[in-house]
Amino acid sequence: MTALDLAGPVAVVGTGTMGQGIAQVALVAGHPVRLYDAVPGRAQAAADAIAARLDRLVEKDRLTGAERDAARARLRPAESLADLADSGLVVEAVLERLDVKQQLLRELEDVVDDDCLLATNTSSLSVTAIGGALRNPGRFVGLHFFNPAPLLPLVEVVSGFATDVTSATRAYEMARAWGKTPVACADTPGFIVNRIARPFYAEAFAVYEAQAADPATIDAVLRESGGFRMGAFELTDLIGQDVNESVTRSVWEAFFQDVRFTPSLAQRRLVESGRHGRKSGHGWYDYGAEGERPEPHTAEKVQPPAYVVVEGDLGPAAELVALIREAGIQVREDEEDHGTRLVLPSGGQLALADGQTAVEFRDVVYFDLALDYRRATRIALSHSQDTQTQTLAEATGLFQALGKDVSVIGDVPGLIVARTVARIVDLAHDAVAKGVATEEDIDTAMRLGVNYPLGPFEWSRRLGRSWAYDVLDDLHMRDPSGRYAPSLALYRHAYASEKREGTP
Ligand SMILES: NC(=O)c1ccc[n+]([C@@H]2O[C@H](COP(=O)([O-])OP(=O)(O)OC[C@H]3O[C@@H](n4cnc5c(N)ncnc54)[C@H](O)[C@@H]3O)[C@@H](O)[C@H]2O)c1
């Protein structure tokens, strides 16, 4: 089968959730599709389910009746693996177990032609390890679709250690011809998306475990300030706590228990207690008939300050100066550049989250990073016992005057959005340095795979060259476990252009 041979037969082995989705994609793209499942009757049931979905596409005018009929005629369940002999591509989507996948591929290799491309949809096993079972692992590649495969555009095309470049290219071109957006990546734990997305969950859980805020508040801040489509708690309830935790655990184990990927104790308790999320009626939230979603913590309305003094450059929060002026609050600019903060009439300071804690300063309120301060509808603030009541009230009133809800959380360094984004940016730089994927493909993968409002590199460019490094450096000082230690890649990125004097 050549790269774009849309007439070539495709086989899908394992016809559960993913197998059905992948089969539908190949079928609609024009291939004859063969379905095989180890459990008798399942391939036929899958063919019926796919046919019903094609009917719905016709109802929605996304397929004509004639196209549906032709597609149905191209779809066939197979009785045995031997029926897949003429396939140009076989995608396996069976049980996520190395021994099961290896055994299947060994059997397949004896059935198909030498130029048949073999692919796995594994999400957490090593493509290299699965391919190790083959006589010719060069023709074996990862084709990691996301659920639901017919709807989600991203496909990670994973090259194992032994995968031939030509096989990876064929798989990539095939995914593109199927209307998907492929990204190329190396065979490392979690590939791109499941690796770089870990801090999105982990930092939200960490802020909760630190008793700094409840799930509803953290979710609201991630959505309304961070610009994420969903918060980490509601999203993991949707994914399933058991499923999300098992991805985290597999990435952590595969990285030899690297502290940057340590799973969450709070999530472990949920999983152990059977609170798996929406599907079990309980997760972080309750979903029963009476399960009301708790409200995020939102501060009472207070008076805004009459003026603020801007000292230095507010960096990623520079837009605030214009917003404050537009809200009718006087902005005084301090000629002398003392730093990067606002000074309130109380004499206290208002500073952008930087990885330090409020308790280290006499009278300070920290505010969280926002994706876009103009469009954000909520801002998180933190303070310490040494912060004057007046300073917190003026900071609260200031953001309320800009039309934002304010959530006051505990004094955690990097608040909620800043620590999350800094860690995602770090893992993205680290992944490029380790040859996992290109910057462009990582940005694409994170936008399409997990719906991030910006790719990590686009975000990093907006925030400034050393922003993420500086935040993590501060966080690392306050939690020296290694969890926040910025990678060498991020350090290089932050300081590459600053040549130091002297000899090393
Ligand atoms: N569900 C997801 O969100 C998702 C997303 C991406 C990747 N994946 C991966 O896709 C694969 C399948 O996941 P799923 O959720 O579709 O599972 P599933 O349980 O819905 O389906 C698996 C199917 O494989 C069949 N099967 C098991 N062993 C077999 C064998 N030896 N030969 C033939 N058929 C066999 C089972 O009978 C079942 O029908 C796994 O590797 C999983 O990690 C899943």
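The values are calculated or read from the model by the stated rules, or taken from the named source; none is laboratory data. Worth saying up front: this structure is predicted, and the values here are computed from it rather than measured. In this analysis, Cβ positions are derived from the backbone assuming ideal geometry, glycine residues included, and neighbour counts consider all displayed protein chains. Heavy atoms of the whole protein, side chains included, go into the accessibility calculation; ligands, DNA and RNA do not. Shrake-Rupley method; radii C 1.70, N 1.55, O 1.52, S 1.80 Å.
A few remarks follow.
- When each of Glu203, Glu173 is tested for being assigned to a helix (DSSP H, G or I) and surrounded by fewer than 24 Cβ atoms within 10 Å (Cβ to Cβ), the lone residue that passes is Glu173.
- Ala289 meets each of the listed conditions (1) part of a loop (DSSP other than H, G, I, E, B); (2) exposed (fewer than 13 other Cβ atoms within 10 Å of the Cβ); (3) modelled with pLDDT of 95 or more apart from (3).
- Filter pass, Asp83 being open to solvent by 40 Å² or more (accessible area, probe 1.4 Å), within 14 Å of the ligand (Cβ to nearest atom) and not polar (S, T, N, Q): yes
- Candidates Arg76, Arg106, Arg68, filtered to the one that is assigned by TED's automatic domain parsing to the domain that holds Pro40, more than 13 Å from the ligand (Cβ to nearest atom), open to solvent by 80 Å² or more (accessible area, probe 1.4 Å) and not in a loop (DSSP other than H, G, I, E, B): Arg76
- Candidate set from segment 9-18 (those that are open to solvent by 10 Å² or more (accessible area, probe 1.4 Å) and either more than 13 Å from the ligand (Cβ to nearest atom) or of a type in the set (A, V, I, L, M, F, W, C) (or both)); member that is farthest from Leu81 (Cα to Cα): Met18
Every residue, every condition in (1) more than 13 Å from Gln102 (Cα to Cα); (2) at pLDDT 95 or above; (3) within 16 Å of the ligand (Cβ to nearest atom), yes or no:
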| residue | (1), (2), (3) |
| --- | --- |
| Asp114 | yes, no, no |
| Thr120 | no, yes, yes |
| Arg135 | no, yes, no |
| Phe140 | no, yes, yes |
| Leu143 | yes, yes, yes |
| Pro150 | yes, yes, yes |
| Thr169 | yes, yes, no |
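- Test: Gly179 is assigned by TED's automatic domain parsing to the domain that holds Val90, touching a Pro at 6+ places or on another chain (Cβ under 8 Å) and open to solvent by 10 Å² or more (accessible area, probe 1.4 Å): yes
- Residues located in segment 113-132, provided they are crowded, with 16+ Cβ neighbours inside 10 Å and in contact (Cβ under 8 Å) with a residue 60 or more places away in the chain: Cys116, Leu117, Asn121, Ser123, Ser124, Ser126, Val127
- Test for Asp242: is it over 15 Å from the mean Cα position of the chain (by Cα) and within 16 Å of the ligand (Cβ to nearest atom): yes
- Considering (1) open to solvent by 60 Å² or more (accessible area, probe 1.4 Å); (2) touching a Gly at 6+ places or on another chain (Cβ under 6 Å), the lone condition that Arg465 does not fulfil carries the number (2).
- Criterion violated by Ala184 - all others in (1) surrounded by 24 or more Cβ atoms within 10 Å (Cβ to Cβ); (2) not in a loop (DSSP other than H, G, I, E, B) satisfied: (1)
- Segment 210-267, residues that are closer than 26 Å to Leu371 by Cβ and of a type in the set (Asp, Glu): Asp214, Asp219, Glu224, Glu234, Asp237
- Selection within segment 19-65 - within 13 Å of the ligand (Cβ to nearest atom) and open to solvent by 70 Å² or more (accessible area, probe 1.4 Å): Ala38, Pro40, Arg42, Gln44
- Looking only at segment 154-170, and only at residues there that are open to solvent by less than 50 Å² (accessible area, probe 1.4 Å) and in contact with a Lys or Arg (Cβ under 9 Å, 6 or more places away or on another chain), the one that is nearest to Arg447 (Cα to Cα): Leu154
- Subset tally (residues that are assigned to a loop (DSSP other than H, G, I, E, B) and within 36 Å of the chain's Cα centre (by Cα)) for segment 336-362: 8
- Within segment 33-48, residues that are under 17 Å from Leu104 (Cα atoms) have Cβ atoms under 8 Å from residues that are near the ligand (Cβ under 10 Å from one of its atoms) and of a type in the set (D, E, K, R) in these pairs: Ala43/Asp37, counting only partners at least 6 apart in sequence or on another chain.
- Boolean, Lys301 is out of contact with any Asp or Glu (no Cβ under 7 Å at 6 or more places or on another chain), open to solvent by 80 Å² or more (accessible area, probe 1.4 Å) and part of a loop (DSSP other than H, G, I, E, B): yes
- Test: Ala220 is open to solvent by less than 30 Å² (accessible area, probe 1.4 Å) and within 20 Å of Phe367 (Cβ to Cβ): yes
- Put simply, of Arg269, Arg275 the only residue that is over 20 Å from the mean Cα position of the chain (by Cα), on the phi < 0 side of the Ramachandran plot, touching a residue at least 24 places away in the same chain (Cβ under 8 Å) and surrounded by fewer than 22 Cβ atoms within 10 Å (Cβ to Cβ) is Arg275.
- Condition check for Tyr201: among the aromatic types (Phe, Trp, Tyr), under 22 Å from the mean Cα position of the chain (by Cα), closer than 19 Å to Thr438 by Cα and more than 11 Å from the ligand (Cβ to nearest atom): no
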